[in-house]
Amino acid sequence: MIRVLIVDDHAIVRQGLRRILDEAKGIKVGGEAANGVEALKMMRTGEWDVVLLDISMPGMNGMDTLKRIMDGDKDAKVLILSMYREDMYAVRLMKAGASGYLTKETAPEQLVEAIRTVFAGKKHKALAREVQFDPVSDRPMHVDFMRFGADTRVNVDVPVKFKSQADSPGLKRGGVLNVVRHTIQLRCRPDAIPEFIMCDLAGLDIGDSLHIDAIQLPPDVKPTIARNFTVATITAPTILVEIEETPAAAEGEAVPGAEGVEGAVTAEGVPVEGAPGEGAAPGAAPGAAPKGTAPGAAPKGAAPGAGPAGGKGKGKGN
């Protein structure tokens, strides 16, 4: 018969717990305490197999009561039953010597199972799924725990580390380590999660790749991806070459293939068709005769009666 001591400051809670445990086979509630002081007195005067202890109590709280109980009997089996849903107290209480931590939302059958487990000398194992931290002090404010057993498996992302860089011919020749996966998702037991995965680069040359099959994983740890994926590669170094622009445009030189400007003069001094003639008045229309030349007169040096260059003349018949 498992003798249980219930420690809670609410009488209705103690009555409810007593009713649940009295109906369980092999468990008997031997006493009740409304606070930590009463619990310590009953611990000295009675023999208890399991203590069901609340956290929030007036006077001496659950944490102080637990410490005092463990100081008097290091083998005491204390199961915490709290109104706080798996909060930061769970970690501290387990470190202080508690054998288990349950919330008051726990189903009756789970409570009975927990008492039997604690009585057998085992502790409830739990995995912290999510932790909320205080934005100022960075202390944990809330922790969500997941209970697990021997067959429980979880998927976790484990960081990747590398070794033997000095033994890699590719890195010695100036190659670059290209990390394809900084973390690897693994499936393993919650109590056997590796801190990191070590990858050996020894013997890898430029162009070689390191795949998951070449990495030694801990026992009973498997990647969640079935294929032989790449973790890292050794690549050739990249060389950047800067090309300077030709300052031809800035110095005023002609750019090959550029179109000439209307009215420009070629290097040989030959006027471009449509450009103002030499000596033409400013603002004169294209093709106007030079200043001082009669309209229709031939340019200087041209044969008499010659028409404009490039045109077909029309003359009066004699």
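Every number in this text was worked out from the coordinates using simple rules, so none of it is lab data. Quick caveat: nothing in here was measured; it's all calculated off a predicted structure. Counting neighbours? That spans all protein chains shown, and the Cβs are built from the backbone with ideal geometry, glycine included.
Values as computed for the structure displayed
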| read-out | value |
| --- | --- |
| FRET efficiency estimate (nearest 0.05) - Cβ-Cβ, VAL156 to GLU23, R0 30 angstrom | 0.15 |
| Residue exposure sequence - HIS10, HIS182 - by fewest surrounding Cβ within 10 Å | HIS182, HIS10 |
| Centroid-to-centroid separation of the range 164-231 and the range 10-45 [C-alpha atoms, Å] | 55 Å |
| Over the range 154-235: Kirkwood hydrodynamic radius from C-alpha pairwise inverse distances, Å | 13.2 Å |
| Neighbour net charge for THR45 - beta-carbon separation under 14 angstrom, K R +1, D E -1 | -1 |
| Per-bin percent of Cα-Cα distances, the range 1-114 [10 Å] | 15, 53, 31, 1 |
| Cut-off under 5 Å, modelled amide H: who pairs with VAL29 long-range | VAL4 |
| Subset of LYS28/LYS104; LYS41/LYS104; LYS161/LYS222 violating a 22 Å alpha-carbon distance limit | LYS41/LYS104 |
